[in-house]
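> Here you go, one structure.
The values are calculated or read from the model by the stated rules, or taken from the named source; none is laboratory data. As the structure is a prediction and not an experimental result, all values here were calculated from the model. Cβ placement follows ideal geometry from the backbone for every residue including glycine, while neighbour counts extend to all protein chains displayed. Accessible surface is based on the protein model in full, side chains and every heavy atom, while ligands, DNA and RNA are left aside. Shrake-Rupley method; radii C 1.70, N 1.55, O 1.52, S 1.80 Å.
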Amino acid sequence: MSALYKLAAVNNGPETSWNDNHTRLLTRLNDEDIEILQLPSPKCPAKRISTQLCHMPAQKDHSMNPPWRLGICAMEDKALSKASQEVFRRLQVDGLIEVVLFGDKTLLSKTPDEWPICDFLIAFYSDGFPLEKAISYTRLRSPFCYNDLLMQGLLFDRRLCNRLLDHLGVRTPKRLEVNRDGGARAHDWGLVQHVYDRTGLRIPGPGETEATRERSHPPSVSLSEDGNTLLVDGRKLHKPFVEKPVSAEDHNIYIYLPKTAQGTGGGRRLFRKVGNKCSEYDPDLVVPRCITEQNTTSSYVYEPLLNADNGEDVKAYAVGPQYCFAVTRKSPAVTGVVHRDASGKEVRLLTEVSKEEADAAAKISTAFGQSLCGFDIVRNQGKSYVIDVNGWTSVKNQPTFYSQCADILRQTLMSHVADRIAKN
């Protein structure tokens, strides 16, 4: 029986806890100290998934006797967030499920065959996460995976993500692409086949005709004389429009505003929250990057700026195909100030999910293979548009969501256990 050790807080602080009444425990493995919360999370430049990882021999079924071990395979800054802890704590209250956190040291310094052996696995990407090692681990140990790690490779490219949303019939904004990197394509044939097997969508693979054509015929881009219209190979997009890097890991999104008799033009730079700021106005933001960066391989997606109803974005969270939770926040396209309550927390208000949004949530969770999947919605004149899919995520300060999410994850686990027992 593995010993259980309390987890120390950042910088050798006091012990942390799941909440005021539950002490968070980690399984001590191989009689080594678990060094966590103090390790760096280096950037992971390579996001290509090797086909070889899909063909490693799988381990034979091991015992399914409780307690069942649920591995949390993620970088600590995400796995140990308060929102994540709230879900994981609720999963083990009945004593049937033992939650095991792998930790940064294990993920970064050990080989997959040295990682904890688990019956079930929650694994998701963030900066520094060794995705290929995690895929290798799933092939080696064959745990039941709550989220499809190969499909996470699709989430790195906004163009591929949009293609799948279109294929699913999920409403997205119209868009123009400026591709100087060979165009949207999978970097590995294993992912091409996996996406097709899962969704029926054929995406370009490495070296395919579409990618070759994009490289040999770079797009023609220009700005109209009045500076208010972007032209890409003869197609037009009028300001205001949104400019997104094709990499979903790049959050430097710009909005270009038209110059009119009433407006000064310029634009707004969006970025991850820094203190109380999430965007800032720039009067000199006039010429899109696809024009100023013509001698590079930088590629962008352009979409019309949709006026969000009530000036609010919607953050939605799908838990399997049966549950969708959503909150609103002030859109960073409208204001650069993060709205906070008296306690300093960002104001996010519960909102009812429409049937269309619930259907989109079910399609996204199922097709992308994510038991928990966040995505962003803009509601405009009675219609809902999905503008981004974020993969595994959680929502802050929402006990109802934590309980519902944990219940669904537990039901999924118990259903899988029942199926395995029936087969044996």
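> In region 109-132, what residues are within 21 Å of the chain's Cα centre (by Cα) and either surrounded by fewer than 17 Cβ atoms within 10 Å (Cβ to Cβ) or part of a loop (DSSP other than H, G, I, E, B) (or both)?
At the first step, the residues of region 109-132 found to be within 21 Å of the chain's Cα centre (by Cα) are 120-132.
Hits for region 109-132 are F124, Y125, S126, D127, G128, F129, P130.
> Testing L121 on (1) in contact (Cβ under 8 Å) with a residue 60 or more places away in the chain; (2) hydrophobic (A, V, I, L, M, F, W, C); (3) touching a Pro at 6+ places or on another chain (Cβ under 6 Å), one condition comes back false. Which one is that?
(1)
> So which of Y323, Y302 is among the hydroxyl-bearing types (S, T, Y), touching a strand residue (DSSP E or B) at 6+ places or on another chain (Cβ under 9 Å) and either under 23 Å from Y254 (Cβ atoms) or free of Cβ contacts under 8 Å to residues at least 60 places away in the same chain (or both)? I'd like the intermediate steps shown before the answer.
Numbers: Y323 fails: either under 23 Å from Y254 (Cβ atoms) or free of Cβ contacts under 8 Å to residues at least 60 places away in the same chain (or both).
Sole residue among the options that is among the hydroxyl-bearing types (S, T, Y), touching a strand residue (DSSP E or B) at 6+ places or on another chain (Cβ under 9 Å) and either under 23 Å from Y254 (Cβ atoms) or free of Cβ contacts under 8 Å to residues at least 60 places away in the same chain (or both): Y302.
> Could you say whether any residue in region 342-356 is open to solvent by 40 Å² or more (accessible area, probe 1.4 Å), on the phi > 0 side of the Ramachandran plot and modelled with pLDDT under 95?
No: zero hits.
> Restricting attention to region 297-321, report how many residues are assigned to a loop (DSSP other than H, G, I, E, B) and open to solvent by 60 Å² or more (accessible area, probe 1.4 Å).
Start the filter on region 297-321 by keeping residues that are assigned to a loop (DSSP other than H, G, I, E, B), which leaves 297-299, 305-308, 320-321.
Add one more test, that the residue is open to solvent by 60 Å² or more (accessible area, probe 1.4 Å), and what stays is 297, 307, 321.
Residues meeting the conditions: 3.
> Evaluate the following for P173: is it farther than 23 Å from P245 by Cα and surrounded by fewer than 22 Cβ atoms within 10 Å (Cβ to Cβ)? Quick ask: steps written out before the conclusion?
Details: farther than 23 Å from P245 by Cα: no; surrounded by fewer than 22 Cβ atoms within 10 Å (Cβ to Cβ): yes.
So P173 does not fit the description; no.
> Which residue is nearest to D419 (Cα to Cα), if the candidates are limited to region 133-145 and must be crowded, with 21+ Cβ neighbours inside 10 Å and in contact (Cβ under 8 Å) with a residue 40 or more places away in the chain?
Applying the filter and picking the extreme gives P143.
> Those residues that are touching a residue at least 60 places away in the same chain (Cβ under 8 Å) and part of a loop (DSSP other than H, G, I, E, B), I need them from region 81-93; list them, please.
Passing the criteria: only S81.
> Can you name the residue in region 250-291 that is in contact (Cβ under 8 Å) with a residue 60 or more places away in the chain and not in a loop (DSSP other than H, G, I, E, B) and is also surrounded by the most Cβ atoms within 10 Å (Cβ to Cβ) among such residues?
C290
> Please enumerate the residues belonging to region 156-175 that are touching a helix residue (DSSP H, G or I) at 6+ places or on another chain (Cβ under 7 Å) and over 23 Å from R379 (Cβ atoms).
L160
> Another question, if that's okay. Scan region 224-249 for residues that are part of a strand (DSSP E or B) and not basic (K, R) and report the count. Break it down stepwise before answering.
Within region 224-249, the first condition is being part of a strand (DSSP E or B), and the residues that meet it are 229-232, 235-238, 241-245, 247.
Retained after the next criterion (residues that are not basic (K, R)): 229-232, 237-238, 241-243, 245, 247.
Of the residues in region 224-249, 11 are part of a strand (DSSP E or B) and not basic (K, R).
> Now, a different point. Can you tell me which condition K78 does not meet? The list is (1) farther than 14 Å from C405 by Cβ; (2) more than 19 Å from the chain's Cα centre (by Cα), and all the others hold.
(2)
Rundown of residues vs (1) open to solvent by less than 20 Å² (accessible area, probe 1.4 Å); (2) at pLDDT 95 or above; (3) of a type in the set (S, T, Y), yes/no style:
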| position | (1), (2), (3) |
| --- | --- |
| D181 | no, no, no |
| H187 | no, no, no |
| D197 | no, yes, no |
| G200 | no, yes, no |
| G205 | yes, no, no |
| E225 | no, no, no |
| L230 | yes, yes, no |
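> E98 fails exactly one of the following numbered conditions: (1) open to solvent by less than 10 Å² (accessible area, probe 1.4 Å); (2) assigned to a strand (DSSP E or B); (3) over 27 Å from V389 (Cβ atoms). What is the number of that condition?
(1)
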